[in-house]
Amino acid sequence: RSSLLLADDNEMEALRRFPMMEPGFVAGLRSFLVVPLISNDKVLGTLNIASMTDHAYSRVDLEFIERVASHLAPAMERARLREALEHEIHERETLAAIGRVVSASPDLSRMSGRFPRLICSLLPVDRVVISTLSDDAESALDLYSSGIHVPERHDPDQPSPPHPSLLETLVYGR
């Protein structure tokens, strides 16, 4: 939460306290100003200024960079809020579009390829499957699938070992 001014090689002890600065020192940087970006009492990040010149910065420079940071932090916060709002708007628009696709489909197995593309606009997806429970609640039946093919886990003609039904697993977490 406080600013940092490192001005020369004699500040190696301070560098040990801030290991993220060590690569800059190794690269030849010798003077550093690090100022937290704070908005609404929340640290959003830092503003880092560095020079290859020893003693490049003074307390006056640090105070100036702190004033710069006081302008940057609220702008960052506004950008984050705007991004969150835009994401929420996109989610709502996508949910509405999914609702239209689903309601326009005579049954889920013939749903358009637009459905997985809509899901992919929100999440990284390689496969989408919509399943229903069998009448005996012992297995799932795929109504719709899109994306990469996944082979069956077991031969459906072979009896399965005894286990809780899929419904029990979903409901009771067994």
Practice problem: Obtain the nm distance between the two label points defined at Ser51 and Leu133 by a simple spin-label model: each point lies 7 Å from its Cα along the Cα-to-C-beta direction. | Solution: 7.1 nm
Quiz item: In nm², what is the average projected area of the convex hull enclosing the Cα atoms of the stretch 72-136?
Solution: 6.5 nm²
Quiz prompt | Gained length - Val43 relative to Arg78, 0.36 nm times residue gap less alpha-carbon distance | solution = 11.2 nm
Quiz item: Suppose R0 equals 41 Å; then what is the FRET efficiency for Ser121 and Arg59 from their Cβ-Cβ distance, rounded to the nearest 0.05?
Solution: 0.25
Quiz prompt | Packing-based ranking, highest mean first, of 71-78, 113-120, 96-103 given that Cβ atoms within 10 Å are counted | solution = 113-120, 71-78, 96-103
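Since every read-out is calculated from the coordinates, none of them should be taken as a lab result. Keep in mind that what you see is a predicted model, and the values were worked out from it rather than measured. When we count neighbours, we look across all protein chains shown, and the Cβ atoms used for this are built from the backbone with ideal geometry, even at glycine.
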